[in-house]
Amino acid sequence: MMPVSATADTHCPYCALQCAMTLTPSPGDDAPVSVSGREFPTNRGGLCKKGWTSADLLARGDRITTPLVRQPDGSFAEAAWSEVLDRIAREVTRIGRKSGADAVGVFGGGGLTNEKAYQLGKFARIALGTSRIDYNGRFCMSSAAAAANRAFGLDRGLPFPLADLDTADAVLVMGSNMGDTMPPFVQHLQGARARGGLIVVDPRRSTTARLTADGAGTHVQPAPGTDMALLLGVCHVVIADELYDRDYVDARTTGFDAVRRSVSPWWPERTEQVTGVPARIVRDIAHRLAGARSAYVLTGRGVEQHSDGTDTATAAINLALLLGLVGREGSGYGTLTGQGNGQGGREHGQKSDQLPGYRKITDPAARAHVARVWGVDPESIPGPGIPAVQLLASCGAEGGVRALLVHGSNVVVSAPDVSQVRAALGRLDLLVVSDFFLSETAQLADIVLPVLQWAEEEGTMTNLEGRVIRRRKAIDPPPGARSELWILRELAARLDAPGAWSLDPAEVFDELARASAGGLSDYSGLSHELLDTGLAAHWPYPQGSSGTPRVFLDRFAHDDGRARFVSVRPRRPETPHGSELSLVTGRILEHYQSGTQTRRVAELNEPNPRLVAQMHPVTARDRAIDDGSRIRLTNHRGAVEADVQLSPDIRPDTVFLPFHYAGSESANLLTSAATDPHSAMPEFKNAVVTVEAVA
Ligand code: SF4
């Protein structure tokens, strides 16, 4: 594991803020490189503790460096690459011949580089010939994406540079706790805080909600599942009090009348009855946003991970459109992408319904364009597949997937209702997992393929503001590990696949750029070489352009150039009865996603080595539960045991669990696999549980 250069300017391996960092060789230390924050518009030199400790994983002794094959006694044995690749090719060919190409599935990840995400989508369609590909971003960004596509015709998480937030007078944050999930983000809220204009909507008094203290803003704690009602109430006030931007609405939108009618029943007092938010606060939010010279509405998974998440995000967009915020410099609507390449990961063909460039797989012109780049007949590209929850449920089922290749995802921790997912994976004929640690999903595999970590490879990522950035190699990988580009090329060759399968990420990027040309997320003006100059590369970035830091300034992406108001109505959430509580899941400062990486970093794991539930003291007293004791949370899907931390920061009708833990501590044993009809996003944030002390 040798450093390959003096220093490498790169970005954090974890979340979508993609903080800039420099890796410097540190021979003799525990890690082969040391990490320092680097000046960049998003993080301005700051890193959170996940970023500071990210290099620790490069020297872990439990790294997988040889392919592993399941033995008849259930153990793993090391195997040669040629042997496992031959076997995978043989098995998927046999299964495809017997049960059809769709009997082989691919499950990708929002942490893969753009190059790997692109190559994985291509591999599924033209090497395996399967439509059955989707990825874990379906659990994360799909409702916000569906809402943005419906309203604007284009989905870029933040359609403006993050630094634009600095000068805001008012920022409404709904369902995001960036104070814990991406702490360097918080500096961009200082302007709004200084002017008393930070409004945080969260059932918990989270780290972000506490930023509203001392006159910096307002924390609003609606009842679980009532975010949309709150937004409709605020929209009602904006229209009733004639706070909306009539000229903007007339010139740049369609559908206003239907939305006006749909919010008319949501007067503030009725909104208060449903949400628990005082009518006075509902009015204040509307007037604060409307009176701001510069205002933003931001949403996160807290309001999106519901079976009506697309409609809730749509209600937030309707509010932003009423106020004339979208497509204007100094104001806007955005959604906060979570996974490192959650944005790029959904643009290049990993989604079951998409081709590279954010193209629809059902569009004949899109299919023809991508087929030309791939060197195949458009007819040979399969049609749309099925989204992630259905894809996993189909594993081993009659007519479903019989072999699954998993890349960059730990689904037996991160998927909803994980006991069902575990059972489904157990019914497969073949489960192949590519990872650098033996994740909980890899532990179930028939074959595990060791791949590279972030500092061992070149590539690109696309951050939460749609900015394409370079990931750089700082050290050589362990001898036995291989890049996914190599694995896909080797398998493609064994499957006699058409097309080019370069090992060079720069060449794969060039092909991706050609495939994206003319699409919504057009990267055709970009290359690794150009990105290496450090230019700000916000897509769309067509050839000959200088990119698009702010989209929608002139027009929206629908054919008529206008944004769409879409009227939405709240659905009744699953509500607690009797002594039941609403379960809210989320992230904590120390951990990232399924915890495969961060649970291996001592400095991150030591503060929270076990699952800790947060509960209100009054709720605990009623159940004879003491602070720090052990509790059991149960519903019809499963049961979870956790230590309990009592705090007045959470509503008495709600209990919070972080979702980073595995096995019997997995919060997703309790969550629902019901999905949003528009986005296929599971409703992680709407479960009901009973809670009792463990004797
Ligand atoms: Fe930055 Fe996110 Fe990495 Fe923390 S985890 S250093 S916020 S990119």
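Here Ala366 passes the criteria (1) more than 16 Å from the ligand (Cβ to nearest atom); (2) under 14 Å from Gly121 (Cβ atoms); (3) in contact with a helix residue (DSSP H, G or I) (Cβ under 7 Å, 6 or more places away or on another chain) except the one numbered (3).
Yes or no: Thr42 hydroxyl-bearing (Ser, Thr, Tyr) and either within 11 Å of the ligand (Cβ to nearest atom) or in contact with a Phe, Trp or Tyr (Cβ under 9 Å, 6 or more places away or on another chain) (or both)? Here the answer is yes, as Thr42 does meet what is asked. Residues in region 648-695 that are in a strand (DSSP E or B), crowded, with 22+ Cβ neighbours inside 10 Å and small (Gly, Ala, Ser): Ala687 only. Could you list, in sequence order, all residues of region 387-436 that are under 19 Å from the mean Cα position of the chain (by Cα), open to solvent by 30 Å² or more (accessible area, probe 1.4 Å) and at pLDDT 95 or above? Selection gives Gln390 alone. Within region 3-36, the set of residues being more than 8 Å from the ligand (Cβ to nearest atom), within 24 Å of the chain's Cα centre (by Cα) and either open to solvent by 10 Å² or more (accessible area, probe 1.4 Å) or polar (S, T, N, Q) (or both) comprises just one member, Thr10. Annotation for region 74-89: no member residue is within 16 Å of the ligand (Cβ to nearest atom), within 29 Å of Gln443 (Cβ to Cβ), hydrophobic (A, V, I, L, M, F, W, C) and in contact (Cβ under 8 Å) with a residue 12 or more places away in the chain.
Filtering region 213-233 to residues that are open to solvent by 10 Å² or more (accessible area, probe 1.4 Å), touching a residue at least 40 places away in the same chain (Cβ under 8 Å) and in a loop (DSSP other than H, G, I, E, B) leaves Gln221, Ala223, Pro224, Gly225, Thr226.
Looking only at residues of region 289-304 that are open to solvent by 10 Å² or more (accessible area, probe 1.4 Å) and within 17 Å of Leu464 (Cβ to Cβ), we find that the one that is farthest from the ligand (Cβ to nearest atom) is Gly302. The set of residues in region 45-57 being more than 8 Å from the ligand (Cβ to nearest atom) and at pLDDT below 95 consists of Thr53, Ala55, Asp56, Leu57.
Taking the condition of being open to solvent by 10 Å² or more (accessible area, probe 1.4 Å) and of a type outside the set (Lys, Arg), how many residues in region 339-353 meet it? So the answer is 2.
Yes/no per residue for (1) acidic (Asp, Glu); (2) within 24 Å of the chain's Cα centre (by Cα); (3) away from the ligand (no atom under 16 Å from the Cβ); (4) buried (at least 20 other Cβ atoms within 10 Å of the Cβ):
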{"residue": "Asp560", "(1), (2), (3), (4)": "yes, no, yes, no"}
{"residue": "Gly595", "(1), (2), (3), (4)": "no, yes, no, yes"}
{"residue": "Gln614", "(1), (2), (3), (4)": "no, yes, yes, yes"}
{"residue": "Thr634", "(1), (2), (3), (4)": "no, no, yes, no"}
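Which residue is farthest from Gly153 (Cα to Cα), if the candidates are limited to region 504-520 and must be open to solvent by 20 Å² or more (accessible area, probe 1.4 Å) and free of Cβ contacts under 8 Å to residues at least 24 places away in the same chain? Taking the candidates together, the pick is Asp504.
For region 437-458, which positions are under 20 Å from Ala393 (Cβ atoms) and open to solvent by less than 10 Å² (accessible area, probe 1.4 Å)? Those that are under 20 Å from Ala393 (Cβ atoms) and open to solvent by less than 10 Å² (accessible area, probe 1.4 Å): Thr441, Ala445. Scanning region 40-54 for residues that are within 10 Å of Glu603 (Cβ to Cβ) and in a helix (DSSP H, G or I) yields Lys49, Lys50, Trp52.
Matching residues to (1) away from the ligand (no atom under 16 Å from the Cβ); (2) crowded, with 23+ Cβ neighbours inside 10 Å; (3) more than 30 Å from Gly519 (Cβ to Cβ):
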site: Ala151; (1), (2), (3): yes, yes, no
site: Asp155; (1), (2), (3): yes, yes, no
site: Leu158; (1), (2), (3): no, yes, no
site: Ala163; (1), (2), (3): no, no, no
site: Asp166; (1), (2), (3): yes, no, yes
site: Ala170; (1), (2), (3): yes, yes, yes
site: Thr181; (1), (2), (3): no, yes, no
site: Phe185; (1), (2), (3): no, yes, no
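Determine, yes or no, whether Val448 is touching a residue at least 60 places away in the same chain (Cβ under 8 Å) and assigned to a strand (DSSP E or B). So Val448 fits the description; yes.
Just one of the listed residues (Thr671, Thr654) is closer than 18 Å to Gly175 by Cα, modelled with pLDDT of 90 or more and in contact with a Phe, Trp or Tyr (Cβ under 7 Å, 6 or more places away or on another chain), and it is Thr671.
When Asp250 is tested against (1) away from the ligand (no atom under 16 Å from the Cβ); (2) in contact with a Ser or Thr (Cβ under 8 Å, 6 or more places away or on another chain); (3) not aliphatic (A, V, I, L, M), just one condition goes unmet, and that condition is (2). Of everything in region 38-68 that's surrounded by 15 or more Cβ atoms within 10 Å (Cβ to Cβ) and polar (S, T, N, Q), which residue is farthest from the chain's Cα centre (by Cα)? That would be Thr66. The sole residue among Leu646, Leu611 that is over 19 Å from Gln221 (Cβ atoms) and among the hydrophobic types (A, V, I, L, M, F, W, C) is Leu611.
Against the condition open to solvent by 40 Å² or more (accessible area, probe 1.4 Å), within 29 Å of Ser409 (Cα to Cα) and modelled with pLDDT under 95, how does Glu590 come out, does it pass? No, not satisfied. Restricting Pro224, Pro278, Pro265 to residues that are within 21 Å of Asp308 (Cβ to Cβ), in the same structural domain as Val171 (by TED's automatic domain parsing) and in contact with an Asp or Glu (Cβ under 8 Å, 6 or more places away or on another chain) narrows the list to Pro224.
Considering region 58-71, and only residues there that are assigned to a loop (DSSP other than H, G, I, E, B) and not β-branched (Val, Ile, Thr), the residue that is nearest to the ligand (Cβ to nearest atom) turns out to be Arg60. Cβ separations smaller than 7 Å between residues 6+ apart or across chains give the following pairs from region 527-550 residues that are assigned to a loop (DSSP other than H, G, I, E, B) to residues that are basic (Lys, Arg) and open to solvent by less than 50 Å² (accessible area, probe 1.4 Å): Asp532/Arg470; Ala536/Arg467; Ala537/Arg467. Within region 646-670, the set of residues being within 17 Å of the chain's Cα centre (by Cα) and under 25 Å from Met228 (Cα atoms) comprises Pro658, Phe659, Asn668.
Starting from residues that are part of a loop (DSSP other than H, G, I, E, B) and open to solvent by 10 Å² or more (accessible area, probe 1.4 Å), keep the ones in region 307-324 and report whichever is nearest to Ser414 (Cα to Cα). Going through the qualifying residues, I end up with Ser307.
Considering every residue within region 569-585, establish whether at least one is open to solvent by less than 40 Å² (accessible area, probe 1.4 Å), in a helix (DSSP H, G or I) and at pLDDT below 90. Within region 569-585, not a single residue is open to solvent by less than 40 Å² (accessible area, probe 1.4 Å), in a helix (DSSP H, G or I) and at pLDDT below 90.
The values are calculated or read from the model by the stated rules, or taken from the named source; none is laboratory data. Everything numeric here is computed off the predicted structure, so don't read it as measured data. Cβ: placed from backbone, ideal geometry, glycine included. Neighbour counts: every protein chain shown. The accessibility values were calculated without ligands, DNA or RNA, using every heavy atom of the protein model including side chains. Shrake-Rupley method; radii C 1.70, N 1.55, O 1.52, S 1.80 Å.
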